[in-house]
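These notes are about the structure you will find just below.
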Amino acid sequence: MNLLHEIAFNSMRFPQRVAATNTTESMTYRQLWSASDLLATRLDELLGTQDLTPIVVYGHKSPMMLVCFLACAKSGRAYVPTDVSVPDQRVLNIIDQVGPRIVLSTVAWEGGKAALVSQAPAPHLVGRDELDTLLDLALRGGQVPTYPVQRQVSGDDLFYLIFTSGSTGEPKGVMVTADCVDAFYPWALSLATAQSQQTSPFTFLNQAPFSFDLSVYELTMSLASGGTLFCLTADHLAHMRQLFDALARSSVDVWVSTPSFATMCLADRSFDATLLPRLRTFIFCGESLPNQTAAKLLVRFPAARVVNSYGPTESTVAVSAVEITAEMAAATQPLPVGYPRPGTRIDILERGASTSTAVSSTGLVGEVLITGDTVAKGYWGRDDLTAEVFSAAGIDVRKAPEVADGAMCHDTERSGLIPALAAATASVRSYRTGDRGWFDESGMLHYLGRIDSQVKMDGYRIELCEIQSQLERLSYVRAACVVPVMRNGIVSRLAAAIELDGDIALLGDTELAAKLHVKEDLRLVLPHYMVPRTIAFIDEMPMTPNGKADCKRLSARFK
Ligand code: AMP
């Protein structure tokens with residue numbers, strides 16, 4: 001079985017079951033399947049069957065987005081999810097990089113429509129009206145011709161391209177294959193369903209926008225198991241009242257979010273098992289899980305398990321996980337990020353080591369190297385960046401169990417430790433994560449931060465160099481440096497020091513107006529979370545002896 005087969009099967013077994021809802025729109029499995037068949041057919045009409053260029057899907061969390069994703073996958077094309085929260089210029093940059101012949105927009109998108117026309121060649125925009133017509137056909141329940149299974153993405157074909165922050169100043173597209181997704185979701189489901197006696201299908205909470213790979217967790221788990229995806233939209237998230245009303249109606253069994261989101265919910269005393277009586281599993285990924293958050297969740301949701309998982313987009317969502325017990329939450333700080341999943345081998349690279357000299361010795365601190373069947377193909381159109389961090393030959397995980405000291409995985413079914421390599425498949429790549437970590441004696445991975453200037457804030461992955469590079473593209477900026485401001489061990493905000501090229505009066509009447517001007521300019525090209533909250537104009541950028549902006553000195557200024 002692969003993911004698409006599972007969804008096909010579920011649409012036959014449970015045609016009337018709700019596959020996805022965002023409280024204003026819902027869709028059953030049958031509707032999802034029929035509408036995506038119709039859209040896949042439409043894509044072939046527009047493109048022919050030979051053109052398999054990825055398709056950009058623009059919108060927000062609605063069942064229609066899933067129709068688009070499925071239609072792409074069914075017709076042999078990768079989808080590129082982009083969210084409405086991303087500024088148009090950044091979406092257009094992504095479109096420019098991918099060069100799609102078609103953009104599917106599930107929302108009215110005036111800015112995009114106008115901008116796409118000026119692209120050469122201009123992609124065809126299939127808008128919400130046209131998608132609604134297809135959906136109407138599917139909803140009316142008429143006979144929808146079945147789309148041929150042979151066209152589906154499979155094996156090493158790209159399943160999706162997710163763009164993450166890029167240190168070169170442009171977002172970079174991670175190429176995740178069908179094999180990666182098919183290797184990932186059964187393990188993810190085993191995390192969600194371990195120890196559960198429940199026989200009815202689960203409802204999975206979706207917090208992250210579909211343009212973040214965290215959402216692939218619940219999206220694949222839910223559709224593969226015939227469950228319901230409960231999407232929290234930007235409207236729900238804008239006000240605590242709306243959010244808690246939506247949660248109260250959600251009946252979620254499995255919660256997937258960034259730790260930051262759960263921490264925010266915990267600030268409200270009503271966030272407990274009375275609000276979410278069916279909740280049995282919290283799955284976290286994407287940033288450090290604070291001990292206090294885990295401890296509070298275990299008290300307020302006594303029947304729920306808390307799972308901390310770890311992984312970058314480049315290795316398909318998550319590659320290690322562990323259940324956090326109350327004892328761990330009290331005694332181990334920071335919390336561990338778990339045992340490698342079957343099919344993944346994790347090694348630690350000492351400073352200066354190459355991927356071929358990676359080891360997994362207990363206690364050794366170094367860069368985390370991930371090898372296995374969920375490691376992506378590389379970065380779209382960026383062979384240079386791909387070569388820096390991905391290697392095709394890597395370590396052959398099928399041959400190396402005897403050196404896999406620390407690379408153990410937790411087999412939830414057998415509830416014991418088994419060699420991480422046993423289930424590895426033939427197509428194996430390695431990825432140097434830039435994360436620092438070490439293995440303890442039980443074979444569990446611990447995360448110790450980054451070796452570079454990438455940071456996580458509220459679960460968002462941010463390359464500080466990307467912000468710096470966008471600042472330095474502004475005509476009035478001579479030099480810029482962006483630093484994270486830490487509080488209680490986590491990034492609480494970003495601060496930018498800027499040396500202007502000219503008089504500050506050109507930007508505004510007051511210093512405050514000038515700072516707002518800079519932020520406005522950044523908002524046009526960067527998502528909101530990448531726009532530094534603090535801006536300081538400085539006379540001269542302090543430099544290190546080797547001629548780089550001295551970020552350490554600047555950090556002290558923003559304490
Ligand atoms: P993303 O590609 O957005 O999922 O970000 C991946 C990065 O997030 C990783 O390389 C880590 O730096 C960080 N990360 C992911 N999971 C965890 C975790 N459980 N604890 C700490 N950091 C994490």
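The values are calculated or read from the model by the stated rules, or taken from the named source; none is laboratory data. Treat the numbers as computed from the prediction; the structure is a model and nothing was measured. Glycine also receives a Cβ, built like all others from the backbone with ideal geometry; neighbour counts cover every protein chain displayed. All accessible areas refer to the heavy atoms of the entire protein, side chains included, with ligands and DNA or RNA removed. Shrake-Rupley method; radii C 1.70, N 1.55, O 1.52, S 1.80 Å.
Proximity of backbone amide H atoms, modeled 1.01 Å from N, is registered between ILE162 and VAL174, VAL176 at under 5 Å, excluding neighbours fewer than 5 places apart on the same chain.
Distant-in-sequence amide contacts of LEU125, defined by a placed amide H-H separation under 5 Å and a gap of 5 or more residues or a different chain, comprise VAL103.
Tell me, what is the percent relative contact order of the stretch 466-539, built from C-alpha pairs under 8 Å that lie six or more residues apart? Don't skip to the answer; put the middle values down first.
Numbers: 103 pairs, mean separation 24.1, N = 74.
That works out to 33 percent.
Since only PHE301, ALA224, LEU191 are under comparison, the one whose Cα sits farthest along the positive direction of the charge dipole of the stretch 187-306, derived from C-beta charges on Lys, Arg, Asp and Glu, is PHE301. Once all protein chains are placed together, THR193 keeps about 60 Å² accessible to a 1.4 angstrom probe. For the pair TYR476 and THR544 in one chain, pulling the backbone fully straight at 0.36 nm per residue adds 22.2 nm over the alpha carbon distance.
Classify the chain as rounded, prolate or oblate, taking a ≥ b ≥ c as the square roots of the eigenvalues of its Cα gyration tensor: rounded when a/c is under 1.5, otherwise prolate if a/b is larger than b/c and oblate if not. All intermediate terms of the calculation are to be shown ahead of the outcome.
Values: a/c = 1.38, a/b = 1.10, b/c = 1.26.
Rounded.
Each Lys or Arg adds one and each Asp or Glu takes one away; over the other residues whose Cβ falls under 13 Å from the Cβ of GLY169, this sums to 0. If R0 is 56 Å, the Cβ-Cβ spacing of PHE537 and ASP157 corresponds to a FRET efficiency of close to 0.65.
A 1.4 Å probe over all protein chains sorts MET264, MET27 by accessible area into MET264, MET27, starting with the largest. For the pair MET240 and SER200, a Förster radius of 25 Å applied to the C-beta separation gives a FRET efficiency near 0.25, rounded to the nearest 0.05.
Scalar couplings 3J(HN,Hα) for the stretch 477-494, obtained by applying the Karplus form with A = 6.51, B = -1.76, C = 1.60 to θ = phi - 60°, are 9, 8, 8, 8, 9, 10, 10, x, 9, 9, 9, 6, x, 10, 6, 9, 6, 10 Hz; x denotes Gly and Pro.
Let me have the 222 nm mean residue ellipticity of the chain computed from DSSP H runs of 4+ only, each contributing -39500 (n - 2.57), with the sum over all residues rounded to the nearest 500.
On the way: 17 runs with 178 residues, N = 559.
Only helices count here, giving -9500 deg cm²/dmol.
Here the relative contact order of the stretch 74-171, from alpha carbon pairs under 8 Å that lie six or more residues apart, stands at 46 percent.
Summing +1 for each Lys or Arg and -1 for each Asp or Glu among the other residues whose beta-carbon sits under 14 angstrom from that of ALA248 gives 0. So how much accessible area does HIS239 have, in Å² to the nearest 10, using a 1.4 Å probe? Rounded to the nearest 10, the figure is 100 Å². Reported to the nearest whole Å, the Cα centre-to-centre distance from the stretch 495-559 to the stretch 1-31 is 48. Here's the picture: charge each Lys and Arg Cβ at +1 and each Asp and Glu Cβ at -1 in the chain, and of HIS124, PRO312, GLN16 the one pushed furthest to the positive end of that dipole is GLN16.
Each residue, PHE9 and ASP440, gets one label point 7 Å from its Cα in the Cβ direction; the gap between the two is 3.7 nm. The ALA331 and ARG351 beta-carbon pair, evaluated with R₀ = 30 Å, returns a calculated FRET efficiency of approximately 0.50. Converting phi to 3J(HN,Hα) with the Karplus coefficients 6.51, -1.76 and 1.60 and the offset θ = phi - 60°, the stretch 549-559 yields 4, 7, 5, 4, 5, 5, 4, 4, 5, 9, 4 Hz in sequence order, with x at every glycine or proline.
Amide H to amide H distances under 5 Å link GLY338 with LEU445, where only residues 5 or more positions off or on other chains count and H is placed in the peptide plane.
Accessible surface area normalised per residue over the stretch 45-150 is 41 Å², counting heavy atoms of protein chains with a 1.4 Å rolling probe. Potential lengthening of the chain between ASP383 and ASP268 amounts to 36.7 nm, from the contour at 0.36 nm per residue minus the alpha-carbon distance.
Only Cα pairs under 8 Å and 6+ residues apart enter the sum, and on that basis the relative contact order of the chain stands at 11 percent.
Across the stretch 208-221, coupling constants 3J(HN,Hα) worked out from phi with the 6.51/-1.76/1.60 Karplus curve, θ = phi - 60°, read 7, x, 5, 7, 9, 6, 4, 5, 5, 3, 6, 4, 6, 4 Hz, and Gly and Pro carry x.
All other residues whose Cβ lies under 14 angstrom from that of ALA479 are scored, Lys and Arg at +1 and Asp and Glu at -1, for a net of -2. Please report, as a whole percent, how much of the solvent-accessible surface of the chain comes from carbon and sulfur atoms (probe radius 1.4 Å). Heavy-atom surface of the chain belonging to carbon and sulfur, 1.4 Å probe: 52 percent.
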